[in-house]
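The structure appears below as structure tokens.
The values are calculated or read from the model by the stated rules, or taken from the named source; none is laboratory data. The structure presented is a predicted model; accordingly, all values stated were derived computationally and were not measured. No Cβ is skipped: glycine too gets one built from the backbone with ideal geometry, and neighbour counts run over all protein chains shown. To get the accessible areas, we keep the full protein, side chains included, count just its heavy atoms, and leave off ligands, DNA and RNA. Shrake-Rupley method; radii C 1.70, N 1.55, O 1.52, S 1.80 Å.
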Amino acid sequence: MSEPRIAIVDDHQLFRSGVRAELEGLVEIVGDADGVDAAERLILDSSPDVVLLDVHMPDGGGVEVIRRVAPERPNTRFLALSVSDDAEDVIGVIRAGARGYVTKTISGEELADAIRRVHSGDAVFSSRLAGFVLDAFAGAAPAPAADADSELDQLTPREREVLQHIARGYMYKEIAHRLDISAKTVEAHVSAVLRKLQLSSRHELSRWAAERHLLDADS
């Protein structure tokens, strides 16, 4: 399997250069950007597999980058790389759609491994930060069933189809075959649904659908 193609987004040129030096030969670097606008252009032009994303930048930071480009590049994954280990920063960027969060004390080899894991579909966090995410999602109260219609309104028709198939226990390849789309596209739709409904796993997604009687709907 070829190494993932990555983009580096950080508003400090010296840091971007350092990350490049650490990752040279470990992954393929398609480019770097120093802010939100430049990151949007870079990601849309080069379609990297993984974006290393600083959280705090002018004009909205990492959350704004994800908001702008994730709908256009659903197969691109985002790994936050920040000096901050504040719980609000971690939860904010994960809710926006990032697949992981590591701090800038990480080594080059560890960062390359985190990139590969995020590219393969894992969620990756520095050990101390994982607790923030687990606590945040475990503590979130489920939405009342009466709000199901408004929550479903956030989803596209295709995302609703994928949601119903996931809730019925179908695997990505089975859903891809049934809907005549690729497994990667199914995975992208699942990620979008999880993000919009603020859920963190297929298990939570299935429970959410069952509580709202979506399994009884026609597929």
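Points to keep in mind about this one:
- Partners for Lys184 among lysines (Cα-Cα distance below 24 Å; same-chain residues under 8 apart left out): Lys173, Lys196
- The heavy atoms of Tyr170 offer some 60 square angstrom of accessible surface to a 1.4 angstrom probe.
- Between the amide H of Gly31 and those of Ile8, distances stay under 5 Å, these residues lying 5 or more places away or on another chain, with hydrogens modeled in the peptide plane.
- Using R0 = 25 Å, the C-beta based FRET efficiency linking Glu28 and Glu110 works out to 0.85.
- Put a dot 7 Å past the Cα of Lys184, heading toward its Cβ, do the same for Ala87, and the two dots end up 3.8 nm apart.
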